[in-house]
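Here is the structure we will look at.
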Amino acid sequence: MELFELGIKQAQEGLAKGEFSSVELTQAIIDRYHAKNGEIGAYLTFDEEDALRLAKEADEVRGSAAGETHRGTGVPIAIKDLINVKGQPCTCASKILKGYVSPYDATVVKNLKANGFIPAGRVNMDEFAMGSSTENSALGVTRNPYDLTRVPGGSSGGSAAAVGGNLCIAALGTDTGGSIRQPASFCNCVGVKPSYGRVSRYGVTAFASSLDQVGPMTKSVEDAAILLKALAGHDEMDGTTPHDPVPDYVKALEGASLKGVKLGLAKEYLETAGMDPEVRRITDEAIKVCEAAGAELVEVSLPHTEYAMAVYYVIAPAEASANLSRFDGVRYGHRSELAKDVYSLYTKSRAEGFGPEVKRRIIMGTYVLSSGYYDAYYGKAQKVRTLIKRDFDQAFAKVDALLTPCAPTPAFKFGANQDPLTMYLNDLYTIPSALAGVCASSVPAGFTKDTNLPVGVQFICGGFKEEKLLKISKAFEEVRA
Ligand code: GLN
(Lines give C-alpha, C1' and ligand atoms only; values in the text may rest on other atoms or scores of the structure.)
Protein backbone atom coordinates (compact mmCIF):
# COMPACT_ATOMS: atom_id res chain seq x y z
CA MET A 1 0.00 0.00 0.00
CA GLU A 2 1.28 3.46 -0.89
CA LEU A 3 1.44 6.02 1.91
CA PHE A 4 -1.12 8.28 0.23
CA GLU A 5 -3.65 5.45 0.27
CA LEU A 6 -3.65 5.24 4.05
CA GLY A 7 -6.51 6.37 6.24
CA ILE A 8 -6.04 8.16 9.57
CA LYS A 9 -5.96 5.03 11.72
CA GLN A 10 -3.36 3.32 9.56
CA ALA A 11 -1.28 6.48 9.28
CA GLN A 12 -1.33 6.97 13.04
CA GLU A 13 -0.28 3.37 13.61
CA GLY A 14 2.53 3.60 11.10
CA LEU A 15 3.79 6.82 12.67
CA ALA A 16 3.59 5.36 16.17
CA LYS A 17 5.53 2.27 15.14
CA GLY A 18 8.12 4.40 13.40
CA GLU A 19 7.44 2.80 10.00
CA PHE A 20 7.55 6.26 8.44
CA SER A 21 7.77 9.85 9.60
CA SER A 22 5.22 12.61 9.29
CA VAL A 23 7.55 14.34 6.84
CA GLU A 24 7.55 11.21 4.66
CA LEU A 25 3.78 10.89 4.91
CA THR A 26 3.21 14.56 4.11
CA GLN A 27 5.70 14.41 1.25
CA ALA A 28 3.82 11.40 -0.14
CA ILE A 29 0.62 13.48 -0.18
CA ILE A 30 2.46 16.38 -1.82
CA ASP A 31 3.89 14.05 -4.50
CA ARG A 32 0.45 12.63 -5.10
CA TYR A 33 -0.93 16.15 -5.35
CA HIS A 34 1.64 16.93 -8.05
CA ALA A 35 0.88 13.71 -9.89
CA LYS A 36 -2.91 13.85 -9.79
CA ASN A 37 -4.28 17.28 -8.97
CA GLY A 38 -3.99 18.46 -12.56
CA GLU A 39 -6.48 15.78 -13.53
CA ILE A 40 -8.79 15.79 -10.48
CA GLY A 41 -8.59 19.41 -9.35
CA ALA A 42 -9.38 18.60 -5.73
CA TYR A 43 -7.04 21.22 -4.28
CA LEU A 44 -7.11 24.95 -5.00
CA THR A 45 -3.81 25.65 -3.24
CA PHE A 46 -1.26 23.68 -1.26
CA ASP A 47 1.29 25.42 0.94
CA GLU A 48 3.86 22.64 0.80
CA GLU A 49 6.44 24.45 2.84
CA ASP A 50 4.06 25.06 5.70
CA ALA A 51 2.76 21.48 5.69
CA LEU A 52 6.30 20.09 5.75
CA ARG A 53 7.30 22.49 8.51
CA LEU A 54 4.41 21.27 10.67
CA ALA A 55 5.26 17.67 9.79
CA LYS A 56 8.84 18.20 10.92
CA GLU A 57 7.55 19.67 14.18
CA ALA A 58 5.27 16.67 14.64
CA ASP A 59 8.18 14.29 14.14
CA GLU A 60 10.18 16.16 16.75
CA VAL A 61 7.31 16.14 19.24
CA ARG A 62 6.81 12.43 18.75
CA GLY A 63 10.49 11.77 19.14
CA SER A 64 10.65 13.61 22.43
CA ALA A 65 7.29 12.82 24.04
CA ALA A 66 7.05 9.93 26.44
CA GLY A 67 3.25 9.97 26.55
CA GLU A 68 1.01 7.94 24.28
CA THR A 69 -0.78 11.08 23.16
CA HIS A 70 1.87 12.16 20.72
CA ARG A 71 2.51 8.82 19.09
CA GLY A 72 0.16 9.16 16.14
CA THR A 73 0.99 12.79 15.66
CA GLY A 74 1.52 14.38 12.26
CA VAL A 75 -1.27 13.22 9.96
CA PRO A 76 -2.09 15.74 7.20
CA ILE A 77 -5.75 16.70 6.67
CA ALA A 78 -7.14 18.57 3.63
CA ILE A 79 -9.21 21.63 4.53
CA LYS A 80 -12.27 22.91 2.69
CA ASP A 81 -11.50 26.41 1.49
CA LEU A 82 -13.97 28.17 3.77
CA ILE A 83 -12.26 27.21 7.04
CA ASN A 84 -9.70 29.70 8.29
CA VAL A 85 -6.14 28.52 8.82
CA LYS A 86 -3.78 31.25 9.95
CA GLY A 87 -1.53 32.46 7.16
CA GLN A 88 -3.41 30.52 4.45
CA PRO A 89 -5.79 31.76 1.77
CA CYS A 90 -9.49 31.28 2.48
CA THR A 91 -11.35 32.01 -0.73
CA CYS A 92 -14.60 30.07 -0.31
CA ALA A 93 -13.96 29.41 -4.03
CA SER A 94 -15.13 32.95 -4.73
CA LYS A 95 -13.51 35.71 -6.69
CA ILE A 96 -14.59 38.12 -3.99
CA LEU A 97 -12.09 36.58 -1.54
CA LYS A 98 -9.19 36.21 -3.94
CA GLY A 99 -6.04 37.29 -2.20
CA TYR A 100 -7.50 37.11 1.31
CA VAL A 101 -5.20 35.54 3.91
CA SER A 102 -6.62 34.32 7.23
CA PRO A 103 -5.31 36.12 10.27
CA TYR A 104 -6.38 33.34 12.66
CA ASP A 105 -7.16 29.65 13.04
CA ALA A 106 -10.76 28.45 13.17
CA THR A 107 -11.51 26.51 16.36
CA VAL A 108 -11.72 23.27 14.37
CA VAL A 109 -8.21 23.95 13.08
CA LYS A 110 -6.94 24.67 16.59
CA ASN A 111 -8.55 21.41 17.68
CA LEU A 112 -6.96 19.55 14.78
CA LYS A 113 -3.53 20.88 15.63
CA ALA A 114 -3.99 20.12 19.33
CA ASN A 115 -4.75 16.53 18.37
CA GLY A 116 -1.66 16.12 16.25
CA PHE A 117 -3.17 16.76 12.81
CA ILE A 118 -1.69 19.02 10.17
CA PRO A 119 -3.93 21.23 8.05
CA ALA A 120 -2.45 20.51 4.62
CA GLY A 121 -3.86 21.91 1.41
CA ARG A 122 -7.06 23.76 0.66
CA VAL A 123 -9.73 21.97 -1.30
CA ASN A 124 -12.28 23.23 -3.79
CA MET A 125 -15.98 23.74 -3.18
CA ASP A 126 -19.04 25.44 -4.59
CA GLU A 127 -18.75 29.16 -4.07
CA PHE A 128 -19.66 29.91 -0.43
CA ALA A 129 -20.84 26.28 -0.17
CA MET A 130 -23.86 26.93 -2.37
CA GLY A 131 -24.30 24.03 -4.74
CA SER A 132 -24.23 20.28 -5.17
CA SER A 133 -21.57 19.68 -7.80
CA THR A 134 -18.64 22.06 -7.17
CA GLU A 135 -19.47 23.51 -10.59
CA ASN A 136 -20.22 26.79 -8.80
CA SER A 137 -16.58 27.21 -7.82
CA ALA A 138 -15.23 30.40 -9.37
CA LEU A 139 -11.69 29.11 -9.09
CA GLY A 140 -11.49 25.73 -10.78
CA VAL A 141 -13.04 22.45 -11.89
CA THR A 142 -13.03 19.39 -9.64
CA ARG A 143 -13.57 15.98 -11.25
CA ASN A 144 -14.94 12.82 -9.75
CA PRO A 145 -12.00 10.42 -9.27
CA TYR A 146 -14.27 7.48 -10.21
CA ASP A 147 -15.22 9.02 -13.55
CA LEU A 148 -13.52 12.17 -14.74
CA THR A 149 -16.48 13.13 -16.90
CA ARG A 150 -18.64 13.50 -13.80
CA VAL A 151 -18.91 15.92 -10.89
CA PRO A 152 -17.65 15.01 -7.41
CA GLY A 153 -20.81 16.38 -5.79
CA GLY A 154 -20.85 19.43 -3.59
CA SER A 155 -20.47 21.65 -2.00
CA SER A 156 -17.56 19.78 -0.35
CA GLY A 157 -16.57 18.33 -3.74
CA GLY A 158 -12.87 19.03 -3.35
CA SER A 159 -12.83 17.25 0.01
CA ALA A 160 -14.66 14.24 -1.42
CA ALA A 161 -12.50 14.03 -4.55
CA ALA A 162 -9.34 14.31 -2.44
CA VAL A 163 -10.45 11.47 -0.15
CA GLY A 164 -11.92 9.29 -2.92
CA GLY A 165 -8.94 9.83 -5.22
CA ASN A 166 -6.37 9.26 -2.44
CA LEU A 167 -5.04 12.79 -2.71
CA CYS A 168 -5.26 13.09 1.07
CA ILE A 169 -5.51 10.95 4.20
CA ALA A 170 -8.81 12.60 5.21
CA ALA A 171 -10.53 15.93 4.79
CA LEU A 172 -12.81 18.41 6.52
CA GLY A 173 -16.04 19.36 4.82
CA THR A 174 -19.04 21.40 5.83
CA ASP A 175 -22.69 20.53 5.57
CA THR A 176 -25.53 23.02 5.54
CA GLY A 177 -28.09 20.97 3.64
CA GLY A 178 -26.12 17.94 2.48
CA SER A 179 -22.69 19.18 1.45
CA ILE A 180 -20.73 16.52 3.32
CA ARG A 181 -23.05 13.60 2.69
CA GLN A 182 -23.88 13.93 -1.02
CA PRO A 183 -20.27 14.33 -2.22
CA ALA A 184 -19.23 11.51 0.13
CA SER A 185 -21.80 9.34 -1.61
CA PHE A 186 -20.54 10.41 -5.07
CA CYS A 187 -16.86 9.73 -4.27
CA ASN A 188 -17.08 6.59 -2.12
CA CYS A 189 -16.15 8.15 1.20
CA VAL A 190 -17.60 8.20 4.65
CA GLY A 191 -19.06 11.58 5.59
CA VAL A 192 -20.53 12.65 8.91
CA LYS A 193 -22.66 15.72 9.48
CA PRO A 194 -22.57 16.25 13.23
CA SER A 195 -25.58 17.52 15.15
CA TYR A 196 -25.95 21.28 15.08
CA GLY A 197 -23.74 22.65 17.87
CA ARG A 198 -21.54 19.59 18.23
CA VAL A 199 -18.66 21.26 16.39
CA SER A 200 -17.67 24.92 16.65
CA ARG A 201 -18.35 27.19 13.69
CA TYR A 202 -15.91 29.87 14.84
CA GLY A 203 -13.64 30.71 11.93
CA VAL A 204 -15.78 28.84 9.42
CA THR A 205 -17.12 31.26 6.82
CA ALA A 206 -20.85 31.39 7.44
CA PHE A 207 -23.37 30.37 4.80
CA ALA A 208 -26.50 29.66 6.86
CA SER A 209 -25.64 29.99 10.52
CA SER A 210 -28.52 27.94 11.91
CA LEU A 211 -27.54 24.98 9.72
CA ASP A 212 -23.78 24.97 9.04
CA GLN A 213 -21.65 22.22 10.59
CA VAL A 214 -18.09 21.07 9.97
CA GLY A 215 -17.55 17.34 9.75
CA PRO A 216 -15.14 14.59 8.73
CA MET A 217 -14.83 13.08 5.26
CA THR A 218 -12.78 9.92 5.47
CA LYS A 219 -11.88 6.51 4.09
CA SER A 220 -13.54 4.60 6.93
CA VAL A 221 -16.07 5.05 9.73
CA GLU A 222 -13.34 4.60 12.31
CA ASP A 223 -11.41 7.49 10.76
CA ALA A 224 -14.55 9.62 10.93
CA ALA A 225 -14.83 8.80 14.65
CA ILE A 226 -11.18 9.72 15.25
CA LEU A 227 -11.57 13.01 13.43
CA LEU A 228 -14.92 13.92 14.97
CA LYS A 229 -13.51 13.29 18.44
CA ALA A 230 -10.79 15.83 17.67
CA LEU A 231 -13.20 18.40 16.21
CA ALA A 232 -16.14 18.30 18.61
CA GLY A 233 -16.80 20.09 21.86
CA HIS A 234 -17.77 23.33 23.52
CA ASP A 235 -16.15 26.50 22.26
CA GLU A 236 -16.36 29.84 24.04
CA MET A 237 -16.32 31.51 20.64
CA ASP A 238 -19.48 29.76 19.43
CA GLY A 239 -22.47 30.14 21.73
CA THR A 240 -24.33 27.32 19.98
CA THR A 241 -21.89 24.66 21.24
CA PRO A 242 -23.19 23.23 24.51
CA HIS A 243 -20.97 22.03 27.34
CA ASP A 244 -21.98 18.40 26.81
CA PRO A 245 -18.87 16.26 27.13
CA VAL A 246 -17.51 14.72 23.95
CA PRO A 247 -17.88 10.95 24.16
CA ASP A 248 -15.03 8.74 23.07
CA TYR A 249 -16.37 8.10 19.58
CA VAL A 250 -13.58 5.67 18.78
CA LYS A 251 -14.20 3.54 21.82
CA ALA A 252 -17.91 3.57 21.03
CA LEU A 253 -17.15 1.52 17.91
CA GLU A 254 -15.91 -1.48 19.85
CA GLY A 255 -18.19 -4.43 19.20
CA ALA A 256 -20.39 -2.36 16.88
CA SER A 257 -23.28 -4.49 15.72
CA LEU A 258 -26.65 -4.15 14.08
CA LYS A 259 -28.19 -6.80 16.29
CA GLY A 260 -31.37 -5.46 17.86
CA VAL A 261 -30.88 -2.02 16.32
CA LYS A 262 -34.24 -0.52 15.40
CA LEU A 263 -33.86 0.90 11.92
CA GLY A 264 -36.58 3.22 10.74
CA LEU A 265 -37.70 3.08 7.11
CA ALA A 266 -39.68 6.10 6.02
CA LYS A 267 -41.83 6.05 2.91
CA GLU A 268 -41.20 9.76 2.48
CA TYR A 269 -37.60 8.83 1.61
CA LEU A 270 -37.95 5.40 0.08
CA GLU A 271 -40.92 5.95 -2.19
CA THR A 272 -39.95 9.18 -3.87
CA ALA A 273 -40.29 9.76 -7.58
CA GLY A 274 -37.10 10.56 -9.40
CA MET A 275 -34.86 8.18 -7.50
CA ASP A 276 -32.36 6.54 -9.82
CA PRO A 277 -33.13 2.79 -10.14
CA GLU A 278 -29.57 1.87 -9.18
CA VAL A 279 -29.76 4.03 -6.05
CA ARG A 280 -33.01 2.25 -5.25
CA ARG A 281 -31.43 -1.17 -5.76
CA ILE A 282 -28.38 -0.36 -3.63
CA THR A 283 -30.55 1.13 -0.88
CA ASP A 284 -32.85 -1.91 -0.92
CA GLU A 285 -29.83 -4.18 -0.67
CA ALA A 286 -28.45 -2.15 2.22
CA ILE A 287 -31.77 -2.59 4.04
CA LYS A 288 -31.64 -6.36 3.46
CA VAL A 289 -28.06 -6.57 4.63
CA CYS A 290 -28.94 -4.70 7.84
CA GLU A 291 -31.90 -6.98 8.45
CA ALA A 292 -29.74 -10.06 7.91
CA ALA A 293 -27.25 -8.64 10.43
CA GLY A 294 -29.97 -8.50 13.08
CA ALA A 295 -31.49 -5.05 12.68
CA GLU A 296 -35.19 -4.75 13.32
CA LEU A 297 -36.89 -2.84 10.51
CA VAL A 298 -39.61 -0.45 11.63
CA GLU A 299 -41.84 1.56 9.33
CA VAL A 300 -41.99 5.20 10.30
CA SER A 301 -43.44 8.33 8.78
CA LEU A 302 -42.07 11.86 8.73
CA PRO A 303 -45.08 13.58 7.19
CA HIS A 304 -43.60 17.07 6.84
CA THR A 305 -40.65 15.91 4.73
CA GLU A 306 -42.28 17.23 1.57
CA TYR A 307 -41.97 20.81 2.81
CA ALA A 308 -38.30 20.58 3.74
CA MET A 309 -36.92 21.71 0.41
CA ALA A 310 -39.13 24.80 0.33
CA VAL A 311 -38.32 25.64 3.94
CA TYR A 312 -34.59 25.26 3.34
CA TYR A 313 -34.68 27.51 0.29
CA VAL A 314 -36.25 30.24 2.38
CA ILE A 315 -34.16 29.90 5.55
CA ALA A 316 -30.74 29.20 4.04
CA PRO A 317 -30.81 32.10 1.53
CA ALA A 318 -32.24 34.42 4.21
CA GLU A 319 -29.31 33.69 6.48
CA ALA A 320 -26.88 33.81 3.58
CA SER A 321 -28.09 37.23 2.49
CA ALA A 322 -27.31 38.56 5.96
CA ASN A 323 -24.01 36.70 6.34
CA LEU A 324 -22.69 37.71 2.94
CA SER A 325 -23.37 41.39 3.49
CA ARG A 326 -19.92 41.64 5.06
CA PHE A 327 -18.32 41.22 1.64
CA ASP A 328 -18.57 44.84 0.65
CA GLY A 329 -15.31 45.60 -1.11
CA VAL A 330 -14.07 47.42 1.96
CA ARG A 331 -13.12 44.83 4.52
CA TYR A 332 -12.21 41.71 2.57
CA GLY A 333 -10.83 40.64 -0.76
CA HIS A 334 -11.92 42.07 -4.06
CA ARG A 335 -12.46 45.80 -4.49
CA SER A 336 -13.84 47.15 -7.75
CA GLU A 337 -11.62 49.53 -9.62
CA LEU A 338 -14.63 51.10 -11.27
CA ALA A 339 -16.11 52.49 -8.08
CA LYS A 340 -16.73 56.21 -8.00
CA ASP A 341 -18.32 56.58 -4.59
CA VAL A 342 -19.08 54.44 -1.58
CA TYR A 343 -22.35 53.13 -2.99
CA SER A 344 -20.82 52.01 -6.25
CA LEU A 345 -17.90 50.54 -4.29
CA TYR A 346 -20.34 48.16 -2.63
CA THR A 347 -22.44 47.38 -5.67
CA LYS A 348 -19.63 47.01 -8.19
CA SER A 349 -17.39 45.00 -5.88
CA ARG A 350 -20.24 42.63 -5.14
CA ALA A 351 -21.41 42.45 -8.75
CA GLU A 352 -17.90 41.59 -9.92
CA GLY A 353 -16.99 39.36 -6.98
CA PHE A 354 -19.98 37.03 -6.54
CA GLY A 355 -20.97 34.31 -8.99
CA PRO A 356 -24.54 33.78 -10.30
CA GLU A 357 -25.69 31.19 -7.74
CA VAL A 358 -24.52 33.31 -4.81
CA LYS A 359 -26.30 36.32 -6.27
CA ARG A 360 -29.46 34.26 -6.73
CA ARG A 361 -29.38 33.24 -3.06
CA ILE A 362 -28.73 36.79 -1.85
CA ILE A 363 -31.65 38.08 -3.90
CA MET A 364 -33.98 35.30 -2.69
CA GLY A 365 -32.84 35.78 0.88
CA THR A 366 -33.29 39.53 0.82
CA TYR A 367 -36.74 39.10 -0.68
CA VAL A 368 -38.03 36.63 1.94
CA LEU A 369 -36.75 38.86 4.74
CA SER A 370 -38.12 42.08 3.37
CA SER A 371 -40.88 43.93 5.10
CA GLY A 372 -44.26 42.71 3.95
CA TYR A 373 -42.93 39.29 2.98
CA TYR A 374 -41.15 38.32 6.18
CA ASP A 375 -44.19 36.75 7.85
CA ALA A 376 -45.39 35.06 4.69
CA TYR A 377 -42.05 33.43 3.90
CA TYR A 378 -39.40 33.53 6.59
CA GLY A 379 -41.76 33.41 9.57
CA LYS A 380 -43.81 30.64 8.00
CA ALA A 381 -40.70 28.64 7.11
CA GLN A 382 -39.52 28.77 10.72
CA LYS A 383 -42.86 27.35 11.86
CA VAL A 384 -42.73 24.51 9.37
CA ARG A 385 -39.12 23.86 10.39
CA THR A 386 -40.43 23.18 13.90
CA LEU A 387 -42.88 20.64 12.48
CA ILE A 388 -40.08 18.94 10.55
CA LYS A 389 -38.01 18.76 13.72
CA ARG A 390 -40.99 17.27 15.54
CA ASP A 391 -41.26 14.53 12.90
CA PHE A 392 -37.72 13.46 13.78
CA ASP A 393 -38.39 13.59 17.53
CA GLN A 394 -41.39 11.34 17.03
CA ALA A 395 -39.48 8.94 14.80
CA PHE A 396 -36.57 8.67 17.24
CA ALA A 397 -38.98 7.82 20.04
CA LYS A 398 -39.52 4.58 18.13
CA VAL A 399 -36.24 3.83 16.34
CA ASP A 400 -32.48 4.17 16.84
CA ALA A 401 -31.76 5.44 13.35
CA LEU A 402 -33.29 6.03 9.96
CA LEU A 403 -31.84 4.44 6.87
CA THR A 404 -32.41 6.43 3.68
CA PRO A 405 -30.76 6.98 0.34
CA CYS A 406 -28.14 9.70 0.52
CA ALA A 407 -28.74 11.34 -2.84
CA PRO A 408 -31.36 10.55 -5.50
CA THR A 409 -28.73 9.78 -8.16
CA PRO A 410 -25.10 8.74 -8.46
CA ALA A 411 -22.56 11.33 -9.65
CA PHE A 412 -23.86 13.10 -12.75
CA LYS A 413 -22.08 14.54 -15.78
CA PHE A 414 -20.80 18.09 -15.86
CA GLY A 415 -23.55 20.44 -16.97
CA ALA A 416 -26.32 17.86 -16.46
CA ASN A 417 -28.18 19.93 -13.87
CA GLN A 418 -28.13 23.37 -15.44
CA ASP A 419 -31.48 24.30 -14.01
CA PRO A 420 -31.10 25.39 -10.37
CA LEU A 421 -34.24 23.53 -9.32
CA THR A 422 -33.00 20.13 -10.51
CA MET A 423 -29.68 20.87 -8.82
CA TYR A 424 -31.49 21.68 -5.57
CA LEU A 425 -33.26 18.31 -5.69
CA ASN A 426 -29.94 16.58 -5.02
CA ASP A 427 -30.42 17.38 -1.36
CA LEU A 428 -33.91 15.95 -1.07
CA TYR A 429 -32.79 13.34 1.47
CA THR A 430 -30.23 15.39 3.38
CA ILE A 431 -32.02 18.68 3.92
CA PRO A 432 -34.72 17.58 6.41
CA SER A 433 -32.18 16.27 8.95
CA ALA A 434 -30.11 19.44 8.53
CA LEU A 435 -33.19 21.54 9.35
CA ALA A 436 -33.84 19.34 12.39
CA GLY A 437 -30.25 19.74 13.57
CA VAL A 438 -29.77 16.01 14.07
CA CYS A 439 -26.70 14.01 13.04
CA ALA A 440 -26.34 11.90 9.92
CA SER A 441 -23.75 9.94 7.98
CA SER A 442 -23.16 8.79 4.46
CA VAL A 443 -21.55 5.36 4.20
CA PRO A 444 -20.46 3.69 0.94
CA ALA A 445 -22.99 1.00 0.05
CA GLY A 446 -22.14 -0.24 -3.42
CA PHE A 447 -21.55 0.57 -7.08
CA THR A 448 -23.97 1.08 -9.95
CA LYS A 449 -24.10 -1.80 -12.42
CA ASP A 450 -23.36 -0.26 -15.79
CA THR A 451 -21.51 2.90 -14.85
CA ASN A 452 -19.63 1.52 -11.83
CA LEU A 453 -20.19 4.64 -9.75
CA PRO A 454 -20.17 4.65 -5.95
CA VAL A 455 -23.41 5.13 -4.04
CA GLY A 456 -23.75 5.77 -0.32
CA VAL A 457 -26.64 5.29 2.04
CA GLN A 458 -27.56 7.67 4.80
CA PHE A 459 -28.06 6.90 8.47
CA ILE A 460 -29.76 9.57 10.58
CA CYS A 461 -29.79 9.62 14.38
CA GLY A 462 -31.12 12.07 16.95
CA GLY A 463 -29.38 15.23 18.14
CA PHE A 464 -26.04 14.54 19.88
CA LYS A 465 -26.38 10.81 19.23
CA GLU A 466 -23.13 10.62 17.26
CA GLU A 467 -21.95 7.59 19.22
CA LYS A 468 -24.98 5.64 18.11
CA LEU A 469 -24.69 6.98 14.56
CA LEU A 470 -21.04 5.99 14.24
CA LYS A 471 -21.66 2.58 15.79
CA ILE A 472 -24.46 1.80 13.34
CA SER A 473 -22.44 3.17 10.42
CA LYS A 474 -19.46 1.04 11.41
CA ALA A 475 -21.59 -2.08 11.79
CA PHE A 476 -23.02 -1.47 8.33
CA GLU A 477 -19.56 -0.89 6.88
CA GLU A 478 -18.56 -4.32 8.18
CA VAL A 479 -21.49 -6.23 6.74
CA ARG A 480 -22.24 -4.34 3.52
CA ALA A 481 -22.07 -6.29 0.31
N1 GLN B 1 -26.63 21.88 -2.00
C2 GLN B 1 -27.21 22.63 -0.93
C3 GLN B 1 -27.20 24.09 -1.28
O4 GLN B 1 -26.82 24.39 -2.35
C5 GLN B 1 -26.48 22.37 0.35
C6 GLN B 1 -25.18 23.06 0.41
C7 GLN B 1 -24.46 22.81 1.69
O8 GLN B 1 -24.78 21.91 2.44
N9 GLN B 1 -23.48 23.66 1.94
O10 GLN B 1 -27.56 24.92 -0.52
**Request:** Evaluate the relative contact order of the range 360-451 (contact order divided by residue number), counting alpha-carbon pairs under 8 angstrom at least 6 apart; express in whole percent.
**Result:** 29 percent
**Complete:** The Rg/Rh figure for the chain, Cα atoms and Kirkwood Rh, to two decimals is 0.96
**Mean residue ellipticity (222 nm) of the chain, computed from DSSP H runs ≥ 4 via -39,500 (n - 2.57), nearest 500** = -11500 deg cm²/dmol
**Fill in**
Here, Asp450 and Ser64, labelled 7 Å along Cα→Cβ, have an inter-label distance in nm of 6.2 nm
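Can you give the FRET efficiency for Asp244 and Asp31, using 1/(1 + (r/R0)^6), R0 = 30 Å, r = Cβ-Cβ distance, to the nearest 0.05?
That gives a FRET efficiency of 0.15.
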**Message:** When only alpha-carbon atoms are used, what values of Rg and Dmax, in angstrom, describe the range 6-134?
**Reply:** 15.2, 47
**Request:** Could you check how much of the accessible area of the range 192-307 is carbon and sulfur, as a whole percent, using a 1.4 Å probe?
**Result:** 51 percent
**Request:** Would you work out what percent of the accessible area of the range 1-112, with all protein chains in place, is carbon or sulfur (probe 1.4 Å)?
**Result:** 49 percent
**Contact order relative to length of the range 165-212, as percent, for alpha carbon pairs under 8 angstrom and 6 or more apart** = 38 percent
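Sorting His304, His234 by accessible area (1.4 Å probe), largest first, what list results? Walk me through the intermediate numbers first.
Details: His304 50, His234 80 Å².
Final ranking, largest accessible area leading: His234, His304.
Show me the trypsin sites (Lys or Arg not before Pro) within the range 322-365 that DSSP assigns to loop and that have at most 10 other Cβ atoms within 10 Å of their Cβ. Mind dumping the intermediate values first?
Numbers: sites: Arg326, Arg331, Arg335, Lys340, Lys348, Arg350, Lys359, Arg360, Arg361; in loops: Arg331, Arg335, Lys340.
Sites meeting the loop and neighbour criteria: Arg331, Lys340.
Compute the relative contact order of the chain as a whole-number percentage, counting only Cα pairs closer than 8 Å that sit 6 or more residues apart in sequence.
Numbers: 1170 pairs, mean separation 82.3, N = 481.
Relative contact order comes out at 17 percent.
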**Prompt:** How fast does the range 1-49 diffuse by Stokes-Einstein, in µm²/s, taking the Kirkwood radius from C-alpha pairs at 10 °C and 1.306 mPa s?
**Reply:** 137 µm²/s
**Prompt:** Hey, got the Cα dimensions of the range 177-275 along the principal axes, in Å, largest first?
**Reply:** 42, 35, 25
**Request:** Calculate the tail of P(r) for the range 221-263: the fraction of all Cα-Cα distances greater than 13 Å, expressed in %.
**Result:** 63 percent
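Quick check for you: with a 1.4 Å probe and neighbouring chains kept, what is the accessible area per residue of the range 93-242, in Å²? The partial results should precede the final answer.
Working: 3240 Å² over 150 residues.
So the range 93-242 comes to 22 Å² accessible per residue, rounded to a whole number.
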**Within the range 251-267: backbone nitrogen closer than 19 Å to the Gln394 label point (7 Å, Cα to C-beta)** = 263-267
**Global form of the range 346-481, assessed from the alpha-carbon gyration tensor, a/c cut-off 1.5** = oblate
**Message:** How far apart, in nanometres, would the label points at Glu271 and Lys17 be if each is projected 7 angstrom from Cα along the Cα-to-Cβ direction?
**Reply:** 5.2 nm
**Item:** Exposure of Phe396 as accessible area (Å², to 10), given a probe of 1.4 Å and all protein chains
**Value:** 50 Å²
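The values are calculated or read from the model by the stated rules, or taken from the named source; none is laboratory data. Fair warning: this is a prediction, and the values are worked out from it, not measured in the lab. Quick reminder, even Gly has a Cβ in these numbers, built from the backbone with ideal geometry, and neighbours come from all protein chains shown. SASA here: full protein model, heavy atoms, side chains in, ligands and nucleic acids out. Shrake-Rupley method; radii C 1.70, N 1.55, O 1.52, S 1.80 Å.
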